[in-house]
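A.B. asks: Here it is: the structure, laid out below.
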Amino acid sequence: GHVEAARLVLEKGAEVDRADKDDWTPLFYACCNGHVDVARLLLDKGAEITQASKNGMTPLDVAKNNHHDAVVALLEEQLDLKFPLHAAARTGDADAMTQVLAGGAEIDAKGDGATPLFVACEGGHVEAARLLLDNGAAVDRANKNGRTPLSIAKQNCHSYIVGLLEEHLYPLLAAAKTGDVDAMARLLDGGAEINQATENGTTPLWTACENGHVDAARMLLDKGAEIDRANDEGSTPLDIAKRRQHHALVALLEHHLARARPRLQRQQSDVQCSICLEPYSDRAWTKCNHSFCRECITRVCRTNPPANRAPCPFCRQPVLLREIKRRPYEY
């Protein structure tokens, strides 16, 4: 913590960012031990404030972990000067952000391990987040700990920001949520993935059915949306339509299901799988006591990751991949 000794060593040519075997620079040690004056000297001499150690820690992380508030304040002040867009995003100052962006600031700069969008979402600043997204910010860029803007917004219960991010992450789902069939048509014509699911397995069709949009659901079905695709809770579009009492949607879905099922709606055979219509190969049984080729029923379940759960092709009861057995009496 001797400032003058540190200054003398630097004046004699010592490398300010020389790292040890753990990639700790002198700034790390100053921050770890709470030597604010030495930290200030090192920063004035050009020490890299965002340098990461082998375990991914930065000087700011080290100062925070050791509760050196004066050092934390110094580092945050320096970071704000180095990354003004982050500073404005942290307070939600959209006007300042506009000026900084006009000056050529990098919109996805990581700063101390996170982008300006992550910082805005963490703080719940809706207009700041919208401004960044409208200017092309990467919506799914994770911070140094692997957290995304969406995950931090959900963690902090910033529901408006969650909706805003999902509109950009899942535009077809967002259009299906409002029943905007014109927007859906444009997105599909532009190559949008019709079955793109959110983190919890929700598809555009499920969302359209949840919100009672018959025309949106019909468009998705006509263009090949998976009618049986369940979310992570095992709920299918038909399940949610029934739960919300959207009777017209229930009728539409049941009509499409009836058209899709003819080859499955036959008596269970002792010799033939009703999915591939071939002799059983490694016959496997579901909990609802129906049998299929193991590969066939496994493929059906794996169409809905990460839950690996799908409705039984015969009785529509939920089938979990881990519950498939070789003999019915194993249950």
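A.B. asks: Sort out which residues of the range 163-180 are in a helix (DSSP H, G or I) and buried (at least 18 other Cβ atoms within 10 Å of the Cβ), and write them in order of number. Spell out the reasoning first.
C.D. replies: Initially, the range 163-180 is screened for residues in a helix (DSSP H, G or I), giving 163-169, 171-178.
Result: Leu164, Leu165, Glu166, His168, Pro171, Leu172, Leu173, Ala174, Ala175, Ala176, Lys177.
A.B. asks: If you check every pair at least six apart or on different chains, which have Cβ atoms under 8 Å apart with a residue in the range 133-144 that is at positive phi first and a residue that is surrounded by 13 or more Cβ atoms within 10 Å (Cβ to Cβ) and modelled with pLDDT of 95 or more second?
C.D. replies: From the range 133-144, the pairs are Gly136/Ile107.
A.B. asks: Within the range 113-132, track down each residue that is without any contact (Cβ under 8 Å) to a residue 40 or more places away in the chain and farther than 15 Å from Gly92 by Cα.
C.D. replies: Residue satisfying the conditions is Ala114 alone.
A.B. asks: Before we move on, is Gly212 touching a helix residue (DSSP H, G or I) at 6+ places or on another chain (Cβ under 8 Å) and either of a type in the set (Lys, Arg) or not in a helix (DSSP H, G or I) (or both)?
C.D. replies: Taking the combined requirement at face value, the residue satisfies it.
A.B. asks: Here's a follow-up. Grab the helices (runs of 4 or more DSSP H) fully contained in the range 1-87, keeping just those with 1 or more residues being surrounded by fewer than 12 Cβ atoms within 10 Å (Cβ to Cβ) and modelled with pLDDT under 90. Give the steps one after another, and end with the answer.
C.D. replies: Details: elements: 3-11, 26-32, 36-44, 59-65, 69-82.
Helices (runs of 4 or more DSSP H) meeting the threshold: 3-11, 69-82.
A.B. asks: Scan the range 314-323 for residues that are more than 18 Å from Asp232 (Cα to Cα) and surrounded by 13 or more Cβ atoms within 10 Å (Cβ to Cβ) and jot them down.
C.D. replies: Phe314
A.B. asks: Within the range 125-180, restricting attention to residues that are in contact with a Gly (Cβ under 6 Å, 6 or more places away or on another chain) and not hydrophobic (A, V, I, L, M, F, W, C), which residue is nearest to Thr50 (Cα to Cα)?
C.D. replies: Among residues in the range 125-180 that are in contact with a Gly (Cβ under 6 Å, 6 or more places away or on another chain) and not hydrophobic (A, V, I, L, M, F, W, C), the one nearest to Thr50 (Cα to Cα) is Lys144.
A.B. asks: If you scan the range 62-72, which residues turn out to be of a type outside the set (Lys, Arg) and over 13 Å from Ile49 (Cα atoms)?
C.D. replies: Asn65, Asn66, His67, His68, Asp69, Ala70
The values are calculated or read from the model by the stated rules, or taken from the named source; none is laboratory data. Here the structure is a predicted model, which is why all the values come from computation and not from measurement. All Cβ positions, even for glycine, are placed from backbone atoms using ideal geometry, and neighbour counts span all protein chains on display.
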